[in-house]
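Structure record follows, encoded as structure tokens.
The values are calculated or read from the model by the stated rules, or taken from the named source; none is laboratory data. Since we're looking at a predicted model, the values are computed, not measured. FYI the Cβ positions are ideal-geometry reconstructions off the backbone, even for glycines, and counts take in every protein chain you see. Side chains are part of the model used for accessible areas, which takes the heavy atoms of the whole protein and leaves out ligands, DNA and RNA. Shrake-Rupley method; radii C 1.70, N 1.55, O 1.52, S 1.80 Å.
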Amino acid sequence: MEAILKWHIRTKCHGKAKLASKQNYTVKHIAPSLAKSYTYNRNESTIIMKKQSTKYLLLLLFLISGWNHLEAKPEAQETMLQEYPQLMEIYGKKLEAQHAHYIFAVDISSSMQPYESVVKKNFKAFIAAIPDGDQITLIRMAREDYTDFVGLFKCITLTPETRKSLINVLDSPQFTFLKDGNPQNGSDGYTMSQKILESLNTVGSAELTFIYLFTDFEYWTSKHHYNKKRENWDKLESLLSEDRKISLCKYGLELNFNDPRLKQQAIFKDELDKIFGKIDYQAVSSAEVLSQWFAHTISNVMATKMSSMVQKDWTSFRDSLNPTIKIEGNKVLLQSRTLSTPLATGLKATVESPVKWFQPEANATTYQPFGTEIELGTVNNTERSIWPGFLKQEKTDIRLKLSLDSPIEEEIKKLLTISREDQDKAIGFTYEATLEMPAYRLWNSYIPLWIWVTVACILSIIVNYIHKTVLLLKVKSLWILKVIEKNTEGKTRRMNGDTEKLPYSIGRNGTLTVRGANWLLVIRSQKHNPLLFWKKSGFYLTLEEGTFAEVVDAYTQEVKNTLSVGNETFLFSHRKPEAFTIRLSGNGMKYNVELN
């Protein structure tokens, strides 16, 4: 016995494969020898040997169990790393923190006896592989008064202590499969469903829940026998919401599915589907097939855990996407602001149903990083005219096809296949969205707007100055010019005791004739449009007859201009009159005409 134990320790140090191939053989052959020593040796030394053998056996089983616990988890993680390297890089460390609730409902009726050892053995391996913090429920299904939770495992959180207790319960009489003739024999699927619902509704039950049903799904109780219709299944159906049904991971392991003795009218799979949602049924023809199923369960559980996290993150990402449409100039742009996630890196959008006056891009838009504006097309009117004007378009809906670019799309799709999720419903990489295109005004002329604005400005200036010239520019129509004749000494000549004044009324185009000489001065009032900047509005002086004349500033005595016959000069504007002296000379005589 001691030699055998040492052999196992060496094997554990030398590698996984060798231990896996030898440990079952050793245990199988130790047990009969121990049983034999108990049977045939009655003396004291034999009793001591029995105790030592028992001690060594327990130690050996403990080592084997511990090794299974160490091996199962790395193997599952190794499988996950091979299948989903990119996803494991994102979620690998989070898998331990993602806790789940596992509900095992096991039919222990006499027809299930061939599966007893396989169920218990693999169930122990499963328990050893899942992390602390996960929850376990164990339900046995038998006759109506014996269908119940095994031990206290209604919804127990795994710890080293509860894990050990669960292993002990599996080997206890309360989880022993029944034999024919046992009064507790039966298959009460109704009470089993009640217990599952009770476990699901336990306070603190993890959101991610796996249900495993091990039975042939044939109903039988001592009260109703095979008549399942005597039970109120509809009552159970209302105890679980539709959302909760969808979120459950449900597997039905059909044991003895090909047994011709099964009463088809007693099969209660349809009732289970109504209560818990559609269950994934898998036919198990033998104990070996069931063992193979268990071999894949641990990695599948990890895949389902990861799938749950991916879907949760994807939902948060999709909810934050919120694409909107804006119009700048004549460009129609798609904007997207979203949470940063390694699950998706870019967006592509194509127009499925364009609206009036909208010209979509001829080719599908390539993937653009989130936060980048995507040009969907241009606003355009093919029925434009030459005259200026705008074409107004109210708010309208536009349907787009949005595609999300993900560097790990293939891994996600494979993961959803393993966890048996509907890919399009769980995570859609392509979907249609109806977005609102804002109202806009479209320039509806062949001539650009800036040209029309320039023309409008020029016309406005012209009209404004014409209006100012015609209506607002006031011109004095009557001027009174006093011409006073003085002698050479500068004294005013008097006639009949009065100063001689020569008043003249000069109006528009008025004339002034100077006494004693042949000069004819014409003063005209002229108005010009301010746009004709080279012409001034005001009063002009023309010498019609005479020799020449000089226009002199009355204050500075500066000669402003010299006129010959036929010449014209500007005197002053209408609003700024000035004082001038006009000097005239001829025949030895000099005359000054003062304009005040």
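Listed values, structure above:
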quantity	calculated
Qualifying residue in the range 111-120 (condition: of a type in the set (Lys, Arg) and either open to solvent by 30 Å² or more (accessible area, probe 1.4 Å) or assigned to a strand (DSSP E or B) (or both))	no
Qualifying position, being over 41 Å from the mean Cα position of the chain (by Cα), open to solvent by less than 60 Å² (accessible area, probe 1.4 Å), more than 17 Å from Asp270 (Cα to Cα) and of a type outside the set (Val, Ile, Thr), among Leu208, Leu178, Leu200	Leu178
The range 90-104 residues that are assigned to a strand (DSSP E or B), paired with ones that are of a type in the set (S, T, N, Q) (beta carbon under 6 Å, 6 or more apart)	His101/Gln135; His101/Ser205; His101/Thr209; Ile103/Thr137; Ile103/Ser199
Qualifying residue in the range 220-238 (condition: under 29 Å from Ala125 (Cβ atoms) and open to solvent by 20 Å² or more (accessible area, probe 1.4 Å))	no
Every pair of residues 6+ apart whose Cβ atoms lie under 7 Å, when the first sits in the range 570-582 and is loosely packed, with under 14 Cβ neighbours inside 10 Å while the second is charged (D, E, K, R)	Ser573/Lys536
Members of the range 181-197 found to be in contact with a helix residue (DSSP H, G or I) (Cβ under 6 Å, 6 or more places away or on another chain) and open to solvent by 20 Å² or more (accessible area, probe 1.4 Å), listed by number	Asn185
Test for Tyr84: is it open to solvent by less than 70 Å² (accessible area, probe 1.4 Å), over 20 Å from Ser205 (Cα atoms) and out of contact with any strand residue (DSSP E or B) (no Cβ under 7 Å at 6 or more places or on another chain)	yes
Looking only at the range 251-280, and only at residues there that are part of a strand (DSSP E or B) and touching a Leu at 6+ places or on another chain (Cβ under 8 Å), the one that is most open to solvent (accessible area, probe 1.4 Å)	Tyr251
Top-ranked residue of the range 281-292 - restricted to ones that are of a type in the set (Ser, Thr, Tyr) and open to solvent by 40 Å² or more (accessible area, probe 1.4 Å), ranked as nearest to Gln194 (Cα to Cα)	Tyr281
The range 506-548, residues that are on the phi > 0 side of the Ramachandran plot and either at pLDDT below 80 or in a loop (DSSP other than H, G, I, E, B) (or both)	Asn509, Gly516, Gly546
Unmet requirement for Ser320, which otherwise passes all of (1) touching a Lys or Arg at 6+ places or on another chain (Cβ under 9 Å); (2) of a type in the set (S, T, N, Q); (3) farther than 30 Å from Ser403 by Cα	(3)
Conditions (1) in a strand (DSSP E or B); (2) modelled with pLDDT under 85; (3) open to solvent by less than 90 Å² (accessible area, probe 1.4 Å): number failed by Leu435	(2)
Pair list, Cβ < 9 Å and 6+ apart or interchain, from the range 140-157 residues that are touching a residue at least 60 places away in the same chain (Cβ under 8 Å) and closer than 18 Å to Tyr115 by Cα to residues that are among the hydrophobic types (A, V, I, L, M, F, W, C) and in a strand (DSSP E or B)	Met141/Ala105; Met141/Val106; Met141/Leu213; Met141/Phe214
Single unsatisfied condition, Leu471 versus (1) surrounded by 12 or more Cβ atoms within 10 Å (Cβ to Cβ); (2) modelled with pLDDT under 75; (3) among the aliphatic types (A, V, I, L, M)	(1)
Residue tally, condition assigned to a loop (DSSP other than H, G, I, E, B) and open to solvent by less than 10 Å² (accessible area, probe 1.4 Å), over the range 146-175	3
